[in-house]
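Here is the structure we will look at, set down as structure tokens.
The values are calculated or read from the model by the stated rules, or taken from the named source; none is laboratory data. Note that the structure is predicted; figures quoted are calculated from it, not measured. We place every Cβ from the backbone using ideal geometry, glycine too, and count neighbours over all the protein chains shown. The accessibility values were calculated without ligands, DNA or RNA, using every heavy atom of the protein model including side chains. Shrake-Rupley method; radii C 1.70, N 1.55, O 1.52, S 1.80 Å.
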Amino acid sequence: MASGENQGLQIALIIFVMLTILLSVTTFMFFREYQEADERSRKDQADATKAAQQMREAVTDAEALKKVIGVGENTKVDEVKTILADDMKKFATTAPAESQFYHPALEFLANTLTERTAELVAARDTIQQVKDDREKVEKAKQEQVAAAEENARKAEADLASAKKEFDADRKRMQEEQADLARQLKEKNDSMTELAEKSKKTETELAAENKKLASYNTFLNQKNEELDPTSGFEVPDGKIVWVDQRSRSAYVNVGSSDGLKRQTLFSVVSGDENVGDDQKTKGRIEVTEILGPHFAEARIIEDRLIDPLVEGDKIYTPLWHPGRAESFGIIGKMDLDNDGQDDRDMVRDLIRLNGGTIDAEDLPDGKQKGELNLHTRYLIYGDPPDDVAEKAYTKLRGDAQKMGVRLLSVSKFLDQVGWKNQKQTIRFGRRGNANDVPADQPDGGRQPSPTGSVMSGFRPRRPLGSRGLGGIKSDTPATPATKKSAYGP
């Protein structure tokens, strides 16, 4: 009995010792984890304090910068960029692209003003030289007249002894005087013409000097506001939904943006740039305005391996939200290789979208209209023949001087989204537009059905939900149950 009790006590003691060891190890581990967590917490708190301090310093720096450059604290960077772009178009169109900012543009115009002033001084020196030469001629004329009169007096003194010789000498002298008078008249006319040209040049240089001085004053005022950079070309909108069954695309511009039916757009991927080197993946034409910032367009052209999807950018040089563009047109434009000039079609494309044509060359070599500060593009075709080359060359040179963008007619049509319909064969029927989300963010209405498709044709919304520049689309996502003609 005593042996059994001792054995029980030994077992209990062993269990107690094991529990004590286990509890000690557990306590040590928990304490170790607590120390590590406490160290991490202190480090995170220090990092948060440092980040908050940096944020306050950044906000203080931004407010100080706005105050220094002379804009309001609530002025948005996009608003300042818009002001800069407008100012460069109005007052620094002759400056190179790398100088299209306030400080470089001011330096460029100041240098130009210095050059014009030097030219004006040189012109004045030339005028003074002409005046001096004219005075010398007058003086020589007076001396010659005096000599002629002296000869006449001598001839009269010798009249009694040599009347015949005198008559011959007098005749010869009269002829010489007549020739001298003719030469003096020609020289006088030449000097008068040169003086008039010099005066006209001086007037023109003075006007240019005054204009540059005005620009210089304006840029001095604007130079203290801001000096951001901005791209020349920006997208006009983006695709927010595509219905491949009906060959329709829906875009985020509409009636409030001044969009019109039949406006053509080229389409590029959401991660590509628009403009001269854009990689066009398709073309669309606006068919119906559905809301202030929502419209339906038909797909004119796309590729099966790279279809139009949500987030693709749309662009046309003909139009921009809220404004129409101004153009110049030069050269021959045979778009369908039939030997006929298709310039009227280019004019119609521009005017259909509310654009204006400021200047163009005529077949007789004359120029119609003038390029100005609001002219954005000069669309050029093939060089004309010798008769019409004068206006073509002049307008092209004016565009380069004024900073007007030169755009070939082929690139223009590609960016516009134009496609030669004579070479297009369309198959199939339009699908059902009821698949478009009914609730649009701007209050736009849902389009009515335009047709039907086979029951086995499965729709889907295109992959991707990014908008232009990473901005979230303002059109609600299509329900998850929708599918696409190209698969789920």
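The residues on offer are SER448, SER410, and the sole one that is open to solvent by 40 Å² or more (accessible area, probe 1.4 Å) and at pLDDT below 70 is SER448. Looking only at the range 63-81, residues that are open to solvent by less than 80 Å² (accessible area, probe 1.4 Å) and at pLDDT 70 or above come to 3 in all.
Within the range 307-348, the set of residues being within 18 Å of ARG283 (Cα to Cα), β-branched (Val, Ile, Thr) and open to solvent by less than 20 Å² (accessible area, probe 1.4 Å) comprises ILE314, THR316, VAL346. Residue pairs whose Cβ atoms lie under 7 Å apart, sitting 6 or more positions apart in sequence or on different chains, and linking a residue in the range 174-197 that is more than 15 Å from GLU135 (Cα to Cα) to a partner that is surrounded by 10 or more Cβ atoms within 10 Å (Cβ to Cβ), are GLN177/ALA148; LEU180/GLN144.
When restricted to residues that are in contact (Cβ under 8 Å) with a residue 24 or more places away in the chain and either more than 27 Å from SER255 (Cα to Cα) or under 21 Å from the mean Cα position of the chain (by Cα) (or both), the range 305-347 contains 28.
From the list ALA118, ALA147, ALA160, the one residue that fits, being over 22 Å from GLU193 (Cα atoms), free of Cβ contacts under 8 Å to residues at least 60 places away in the same chain, outside any helix (DSSP H, G or I) and not polar (S, T, N, Q), is ALA160.
Residues in the range 393-419 that are within 17 Å of GLU370 (Cβ to Cβ), in a helix (DSSP H, G or I) and touching a strand residue (DSSP E or B) at 6+ places or on another chain (Cβ under 6 Å): LEU395, ALA399. Entry remark, the range 367-382: residues being open to solvent by 90 Å² or more (accessible area, probe 1.4 Å) and either of a type in the set (Gly, Ala, Ser) or assigned to a loop (DSSP other than H, G, I, E, B) (or both) number 2 in total. Among the residues making up the range 292-306, those that are out of contact with any strand residue (DSSP E or B) (no Cβ under 6 Å at 6 or more places or on another chain) and crowded, with 18+ Cβ neighbours inside 10 Å are HIS293, PHE294.
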